[in-house]
Amino acid sequence: MTTRKFFKAVVITGLIAGSLDAAAASIQYYINTGNNPARVFRYIASAALGKEVMTKDLNTMAAWGLLFHFLISISFTLFFFLCFRQIRMLLNNKFVVGIVYGIFVWCLMNLLVVPLAFGVDFGMQYQKYFDNIKNSLIAMGILIIAIGLPISLLADRYYSKK
């Protein structure tokens, strides 16, 4: 495996998965609130840049949030590609692997990263997700379809060519 081809596959896969996730999150947010989906990405930016982001220019902060969103997506893709062979030995079905990875990403982001990024009490955060199980399952489904399955399928395609 050449390093250049490996990183090209990771970046392209991360951009595809990140785009699918960004589109799904934007559509879901707009349907649920009727508000500008750029607010989703401004919220992401606020995790890295602080709460004052919420009072700054929406489009500028949304662009920062979108950049962070893609960095996160590419990071999850890199992690998956690096662990792919071990994961496939445990679960020998690329679709099951994608579903499990989507659930893993949801759990990691919502039960660990978000509470840490925003200084939220873990117990309160967990309660929030269990109190509104329908929204949690929808969000998990989005990550399965937009992140888990595309990354699994494209990683499988990459490693199958070898």
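The values are calculated or read from the model by the stated rules, or taken from the named source; none is laboratory data. If you're wondering where the values come from, they're calculated on a predicted model, not measured in any experiment. Cβ coordinates were reconstructed from backbone atoms using ideal geometry, including for glycine residues, and neighbour counts include every protein chain displayed. For the accessible areas, the whole protein counts, side chains as well, though only heavy atoms, and no ligand, DNA or RNA atoms are used. Shrake-Rupley method; radii C 1.70, N 1.55, O 1.52, S 1.80 Å.
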Quickly run through the stretch 89-111 and pick out the residues that are surrounded by fewer than 18 Cβ atoms within 10 Å (Cβ to Cβ) and touching a Phe, Trp or Tyr at 6+ places or on another chain (Cβ under 8 Å). Leu111
Could you list all residues from the stretch 1-22 that are of a type in the set (Val, Ile, Thr) and assigned to a helix (DSSP H, G or I)? Thr3, Val10, Val11, Ile12, Thr13, Ile16
The listed residue being over 18 Å from Val11 (Cα atoms) and in contact (Cβ under 8 Å) with a residue 60 or more places away in the chain, out of Ile151, Ile142, Ile133, Ile147: Ile142
Taking the stretch 32-60 and keeping residues open to solvent by less than 50 Å² (accessible area, probe 1.4 Å) and touching a helix residue (DSSP H, G or I) at 6+ places or on another chain (Cβ under 6 Å) leaves Pro37, Ala38, Val40, Phe41, Arg42, Ile44, Ala45, Ser46, Ala47, Val53, Leu58
In the stretch 23-33, the residues that are of a type in the set (S, T, N, Q) and either within 16 Å of Phe68 (Cβ to Cβ) or assigned to a loop (DSSP other than H, G, I, E, B) (or both): Ser26
Which members of the stretch 114-162 meet the condition of being open to solvent by 50 Å² or more (accessible area, probe 1.4 Å) and either of a type in the set (Ser, Thr, Tyr) or at pLDDT 90 or above (or both)? Tyr126, Leu137, Ile138, Ile145, Leu153, Arg157, Ser160
Determine, yes or no, whether Ala63 is among the small types (Gly, Ala, Ser), open to solvent by less than 70 Å² (accessible area, probe 1.4 Å) and under 18 Å from Ala139 (Cα atoms). no
With the condition kept exactly as written, say whether any residue in the stretch 15-26 is out of contact with any helix residue (DSSP H, G or I) (no Cβ under 6 Å at 6 or more places or on another chain) and open to solvent by 80 Å² or more (accessible area, probe 1.4 Å). no
Is it fair to say Leu137 is in a helix (DSSP H, G or I), out of contact with any strand residue (DSSP E or B) (no Cβ under 6 Å at 6 or more places or on another chain) and closer than 30 Å to Phe6 by Cβ? no
